[in-house]
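> This structure is in structure tokens; I'll ask about it shortly.
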Amino acid sequence: MPDLRTAPTRRSARFWRDAFTGYGMATPWFIGFLVFTAGPIVLSLFYSFTAYQITTPPRWIGLANYRILFFDDPKFRISLYNTAYYAGLVVPLTVINGLFLATLMNQNIPCRALFRTIYYLPSVISGVANAMLWLWVLNPRYGLINTMLSWFGIKGPPWLSSAEWAKPSLVVMSLWGVGGTMIIYLAGLQGIPQHLHEAAEIDGANAWQRYWRITVPMLSPTIFFNIITTIIGSFQVFTQAYVWVESGVGMGAGPRDSLLFYVLYLFRRAFGELQMGYASAMAWILFVIILVLTLVQFRIARYWVHYETAPEGGI
């Protein structure tokens, strides 16, 4: 008969052996995280309080970078406005259009798999390739959109060559990749129990009532997730604006700096002018902005996001 007094000791030894094995296997990841992620984050916070131009040692200047950004740098305010303008349009349009497409693609229609693929395909194309494609589509002289409008006697807008149309052009291009959001919604829609709709239909609820009273509440965690990720992504817009500006769409950063988005301006300060301390301060300001917006969304979420809970006694 086995000695029960030695069982806890054996279990404890096995636990620590497994723990050491697991942590040993994860050591390369921990090293990579400390060297390439956590380390640079801490250093960037330090550099944000210094005058650091890579070629010279960092010099402590306190809050001078932040003071210049908020009070003496008009381009900082322009870039912040452009980014907020872009996010204010892209976030609701992406969330709503993604939900609309997902609802359509969740219906039992012919060639449904083909349509899903078509809508999702732009999301997996390189951002640079997308930007170059839309440079041609939105060209004011020979672009696809203005050419099609001319067939009906309509003169198309100047798009990228106009300060008033440059940012809306970027918004239009961003909506082309709404398929990624659609896929997440589609997964959420297919996770809604069908018997809820059947019960509501028996009780006399029409299609709109079932959608608004069942689908939307059950899908609210997915909507919330897409809102958060879209806000974060929209405040980090860079690739499209960079490609459009560097391709000669406009001088500087588009007509009258209309395409000077926050991360693009940060990139220019860091790698164009080598002002790493200044750029680090900009990065931390962006972090605080996104953090505040995210916390506000989590605060509001308690009033409209509904999480399905298991009945008492478990499943």
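The values are calculated or read from the model by the stated rules, or taken from the named source; none is laboratory data. Because the structure is predicted, anything quoted here is derived from the model rather than measured. Methodologically, a virtual Cβ is constructed for each residue, glycine included, from the backbone with ideal geometry; neighbour enumeration extends over all protein chains shown.
> Give the residues of the stretch 59-76 that are aliphatic (A, V, I, L, M) and either closer than 23 Å to Phe261 by Cβ or outside any helix (DSSP H, G or I) (or both), sorted by residue number.
Answer for the stretch 59-76, where residues must be aliphatic (A, V, I, L, M) and either closer than 23 Å to Phe261 by Cβ or outside any helix (DSSP H, G or I) (or both): Ile61, Leu63, Ile68, Leu69.
> Do you know which residues across the stretch 146-189 are surrounded by fewer than 17 Cβ atoms within 10 Å (Cβ to Cβ), assigned to a helix (DSSP H, G or I) and small (Gly, Ala, Ser)?
If the condition is that a residue be surrounded by fewer than 17 Cβ atoms within 10 Å (Cβ to Cβ), assigned to a helix (DSSP H, G or I) and small (Gly, Ala, Ser), then Ser150, Ala163, Ala187 are the ones that fit.
> Let me ask something additional. Given the criterion at pLDDT 95 or above, closer than 27 Å to Gly127 by Cα and not acidic (Asp, Glu), identify the matching residue among Ala283, Ala187, Ala253, Ala241.
Ala283
Residue-by-condition table, conditions (1) part of a helix (DSSP H, G or I); (2) not assigned by TED's automatic domain parsing to the domain that holds Phe261:
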{"residue": "Gly22", "(1), (2)": "yes, yes"}
{"residue": "Leu34", "(1), (2)": "yes, yes"}
{"residue": "Ile41", "(1), (2)": "yes, yes"}
{"residue": "Pro57", "(1), (2)": "no, yes"}
{"residue": "Ile78", "(1), (2)": "yes, no"}
{"residue": "Val95", "(1), (2)": "yes, no"}
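> Another question, then. Looking at the stretch 190-198, is at least one residue assigned to a helix (DSSP H, G or I) and within 15 Å of the chain's Cα centre (by Cα)?
No: zero hits.
> Something else now. Can we say Ile61 is outside the structural domain of Ala270 (by TED's automatic domain parsing) and modelled with pLDDT of 90 or more?
yes
> Exactly one condition in (1) modelled with pLDDT of 85 or more; (2) within 30 Å of Asp257 (Cβ to Cβ) is false for Ile202; which is it?
(2)
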